[in-house]
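The values are calculated or read from the model by the stated rules, or taken from the named source; none is laboratory data. For clarity, every value in this text was computed on a predicted model and none was experimentally measured. Reconstructed Cβ throughout: ideal geometry from the backbone, glycine too, with neighbour counts over all protein chains shown.
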């Protein structure tokens with residue numbers, strides 16, 4: 001009997017260009033896993049726990065300044 005191998009899904013990586021982010025919070029509002037927040041001195045988007053990302057790309061799609069991209073490892 002042969003063992004079937006399940007292909008591992010690539011892990012999504014959330015990239016935020018802080019130079020483009022204006023801190024509007026749309027990404028925070030639409031993330032179903034709530035892995036984004038506004039933080040730091042300038043209150044721009046940052047990732048709290050990338051391992052919880054489900055690769056839905058809602059943050060990327062809703063960012064009006066194209067400051068967020070989701071890449072797969």
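Just for the stretch 49-69: of the residues that are more than 19 Å from residue 9 (Cβ to Cβ) and exposed (fewer than 14 other Cβ atoms within 10 Å of the Cβ), which one is nearest to the chain's Cα centre (by Cα)? Result: 61. Before we move on, is residue 21 buried (at least 18 other Cβ atoms within 10 Å of the Cβ) and either touching a residue at least 60 places away in the same chain (Cβ under 8 Å) or in a loop (DSSP other than H, G, I, E, B) (or both)? Yes. Of the strands (runs of 3 or more DSSP E) contained entirely in the stretch 24-73, those carrying at least 1 residues that are in contact (Cβ under 8 Å) with a residue 40 or more places away in the chain fall at 68-72.
I'd like the full set of residues that are touching a strand residue (DSSP E or B) at 6+ places or on another chain (Cβ under 8 Å) and farther than 23 Å from residue 73 by Cα, limited to the stretch 29-63. 38, 39, 40, 44, listed by residue number.
As for the stretch 3-11, it holds no residue that is touching a strand residue (DSSP E or B) at 6+ places or on another chain (Cβ under 8 Å), modelled with pLDDT of 95 or more and either at negative phi or outside any loop (DSSP other than H, G, I, E, B) (or both).
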